[in-house]
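In what follows, a structure is listed as structure tokens, so that the remarks can point back to it.
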Amino acid sequence: MPNAHLRVWRGDEDGDYVEYDVEYEEGMVVLDVVHRLQATQAPDLAVRWNCKAGKCGSCSAEVNGSPKLQCMQRMEQYPEGETISIAPLKTFPLIRDLVTDVTWNYEVAKTIPEITLREREADGTHRMAQIDVDRGQEFRKCIECFICQDVCHVIRDHPENMDDFAGPRFFVRLAEVSMHPLDTNPKEATVQHGFGLEYCNITKCCTDVCPEGIHITDNAIIPLKERRADVHYDPLRALGRKLFGGRS
Amino acid sequence: MADYETHEYDVLVIGAGGAGLRAAVEASAQGATTGLVCKSLLGKAHTVMAEGGMAAAMGNVWPEDNWQVHFRDTMRGGKMLNNWRMAQIHAQESPDRVAELEEWGALFDRTDDGRISQRDFGGHRYARLAHIGDRTGLEMIRTLQQHAVHRGLDVYQECTVNRLVKDGDRVSGAVAYWRESGKPLLFRAKAIVLATGGLGKIWSITSNSWEGTGDGHALAMYAGAEMIDMECVQFHPTGMVWPPSVRGILVTEGVRGDGGTLRNSTGKRFMFEYIPPMFASETADTEAEADQWYNDKTVRRTPDLLPRDEVARAINAEVKAGRGSPHGGVFLDIATRRDSEYIQRRLPSMYHQFKQLAGVDITAEPMEVGPTAHYAMGGVRVDPETQASSVPGLFAAGEVAGGMHGSNRLGGNSLSDLVVFGRRAGLGAAEYAAGLDELPATDGGEVDEALARIRAPFEGEGKENPYTLHRALQDSMQEKVGIIRTESEMLEALDDIAELKERAANVTVEGNVQYNPGWHLALDLEHLLTSAEAITKGALERKESRGGHTREDFPGPSDEFGKVNVVGTLNEEGTVDVRQEPLPEMPAELQRLFEED
């Protein structure tokens, strides 16, 4: 059996990397090796996981410095003998080992407007074309692994921005609401100030790391920015506001 | 005794998968103060793994479909062991629950005329599953989660309930601990809904995540609730078999619903050899008829879509006969039957899963699949209308509840079950709670006992490792109480369980209480062992083969056992007693639906 040389973060913020050697088998993923480590050498090693198939988004960690789902990283991609470092997501407060406190995301989720559909057709159905549904379905593939939040420099390097920046995950949510074919929320609701759209300078880091391949920047963030420009910065509307009052 | 925080609710819901979320939403809508506790983060429950869809006789694709046909399919799929009233309610209410999810934001795939599309699945006469590609469970949980967070209910994430507390006969609370800090909590509640899901982690090859440790089944038994038909466990026919690390992970039945076929090592479509008499009149016996069926429902359906128990046994038999695939499964081929674009559109997550985890391109080569422990049909015995258990104040919904699926669940009937009966449980619990003036008492000493039990693994002197014991249970159950069962092996399994129970008392864990998975598993072991015992005792009692329960020593169904539920309860010694009780009798107007058989 091949041997993996791991460097795993242990402990809280005052912790440190600890090195381990773990044997593994063909076809294993990083999470399997972490589980084997847990079962044989480090029974109290904290790691979050659920589905082990890239569907629940629980096992996010920084593998060799890059945020990944541990369950989708096959060991074959790492040359044998090379050290693999596994660290918790940097952007969120560390609880212990590989587990971080992601509560902030759940708080932001509460601020996203609820979908409110228009009335049903006379036959009791809602009619939508598949092509219109496709757009929202891309956003709804999101598994909430929060890797896009982790990598976003707006909060990774400036945690103080967390108070008024929703982050890529929730721009995807806002886009989902705003592009639902039958939603009746006013346009303004999804592009209002407070979500921090303006902090994003479209470096596409979030898109690059999304394990679901959602085009976060192109399909969610940019259209939202355009919509905001339309709603809030349209020169005619601005003139109207100047003349007749109203919110900026 | 250690300090603990206390929270008080009219209704406490344990578990936040589809059933728990829907129950909490309903209880809250009824005006009950509601708490929702879940072992994982919100939105990560096993419901996200459901792929194919949600069965509901909406008749969008086949107008001939209606609740009576769905009811009949469900009962026949369950080999008539189902609680008929639950199957009826389920068939009648599923379409409303689909519409409700759509209203709350779920974006189902559409038909050409813009309605919700429906796909074919095993045992369903018509294409009936509302779906979103092959990630329907994710859509359901996200929709319910997003709806729930605006309903003003309190969510306790990464919080594990270890014991229920009673006031006399009725349930009065639950003792739990925060996974993050290890600190204990007491929930006081007028009514409690168990929505804890399944128990697949009893076996070594399973589609279930770490959470499926039978917690709710065991909590109900500790509290004195009756269980039914625990022996009926579904081994899903198509789990991944290679590489070893993903063994057991689910491959959706949607692959076969969308045209995939099972083949053995000689390339033969072997399901034609395994058509049971009960389904012979409606199952195609030539490849031409089977293939025609996908677009023409006037001919008989492909045997690839026989109910799951039939397909799992067939795969098992092919592998045993030496006609398996290189890694001990059989081949599931959609690559030669549908074009690449269609496969990637209909089955995106299967494509992704095989590509990334197994290095297999399912649009170009066959998958290797084999049976995997998937779903508990048995569970807490409940009243079909309210989901009330035999313990006053205790309700159960979803996989932890028994009766709905009889001895075998049809694919797609689980997601609909979650929301149909989740809603009813929330309603039942809120109504029950409204009838109580004050919170029942929690001062009977059970809280202190539970707190001491939670701490015990840190104070033990023994040297047992929880991971080792769990592995031993899984190996024993896989070998001795798996797909094909026989009395002598099951008696050995009972001895193994008794021995493991003793060893579990000597588990000692390292480290501290903060996010310590070894400790969490040590506490779950008791639930796993109790549930495993109930399954094994039930399996010994049911001396026949029916649905998900197959006895080598009693190979066919028996009329006598077809008329009874096996009821299990925990006795004073902490072991499981079983007895037989007659099934509720189906009214004549429903019986008529089966007369053509």
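Please treat every number below as a calculation from the coordinates, not as lab data. Bear in mind that the values here come from a model prediction, so they are computed numbers and not experimental data. For neighbour counting, all protein chains shown are included, and Cβ atoms are generated from backbone atoms with ideal geometry for every residue, glycine included.
Some points to look at:
- A dipole drawn for the protein assembly as shown from +1 and -1 charges on Cβ atoms has a positive end, and of A:Cys148, B:Pro237, B:Phe395 the residue lying farthest that way is A:Cys148.
- Cα-based shape type of the stretch B:236-373, given that a ≥ b ≥ c are square roots of the gyration tensor eigenvalues and the cut on a/c is 1.5: oblate
- Mean ellipticity per residue at 222 nm, deg cm²/dmol - from DSSP H runs of n ≥ 4 across the protein assembly as shown, formula -39500 (n - 2.57): -10500 deg cm²/dmol
- If the segment from B:Glu282 to B:Thr468 were pulled out straight at 0.36 nm per residue, it would be longer than the present Cα-Cα gap by 62.2 nm.
- Isolated cysteines of the protein assembly as shown, defined as having no other cysteine beta carbon under 4.7 Å away, are A:Cys59, A:Cys71, A:Cys142, A:Cys145, A:Cys152, A:Cys200, A:Cys205, A:Cys210, B:Cys38, B:Cys159, B:Cys232.
- Likely footprinting exposure, B:Phe187, A:Phe244, fewest C-beta neighbours within 10 Å first: A:Phe244, B:Phe187
- For A:Gln41 and A:Lys242, the FRET efficiency from 1/(1 + (r/R0)^6), where r spans their Cβ atoms and R0 equals 51 Å, is about 0.15.
- Positive contributions from Lys and Arg (+1) and negative ones from Asp and Glu (-1), summed over other residues with Cβ under 11 Å from the Cβ of B:Asp215, come out at 0.
- Secondary structure note: in the protein assembly as shown, about 70% of the DSSP beta bridges are antiparallel.
- A:Ile222/B:Arg455 FRET efficiency (R0 56 Å; Cβ-Cβ; nearest 0.05): 0.55
- 0 to 90° range, to nearest 10: angle between helix B:84-103 axis and chain B longest Cα axis: 90 degrees
- Helix B:446-459 vs. chain B, principal-axis angle (Cα, 0 to 90°, nearest 10): 80 degrees
- Restricting the calculation to Cα atoms, the stretch A:103-244 yields a radius of gyration followed by a Dmax of 16.2, 53 Å.
- Note on B:Thr486 and A:Glu76: the model spin-label points, each 7 Å out from Cα along the C-beta direction, lie 3.9 nm apart.
- Within the shell defined by Cβ-Cβ distances under 11 Å, the residues around B:Lys537 carry a net charge of -2, with Lys and Arg each +1 and Asp and Glu each -1.
- Counting 0.36 nm for each residue step from B:His150 to B:Ala317 and taking away their Cα separation leaves a gain of 55.1 nm.
- Furthest towards positive pole of dipole, B:Phe108, B:His405, B:Gly248, structure part chain B, Cβ charges: B:Phe108
- Inter-label distance, B:Asp553 to A:Arg7: 5.8 nm, where each label sits 7 Å from its Cα along the C-beta direction.
- Pairwise centroid distance, computed over Cα atoms, of the stretch B:390-405 with the stretch B:350-389, Å: 22 Å
- In chain B, the DSSP beta bridges split such that about 65 percent are antiparallel, to the nearest 5.
- Residue list for the stretch B:92-121, given a label point 7 angstrom along the Cα-to-Cβ vector of B:Gln68 and an amide N cut-off under 19 Å: B:92-95
- Inter-label distance, nm, simple model (7 Å from Cα along the C-beta direction), B:Gln591/B:Asp475: 5.1 nm
- For B:Asn512 and B:Gln580, the FRET efficiency from 1/(1 + (r/R0)^6), where r spans their Cβ atoms and R0 equals 51 Å, is about 0.60.
- Each Lys or Arg adds one and each Asp or Glu subtracts one; over the other residues with Cβ under 13 Å from the Cβ of B:Asp524, this totals +2.
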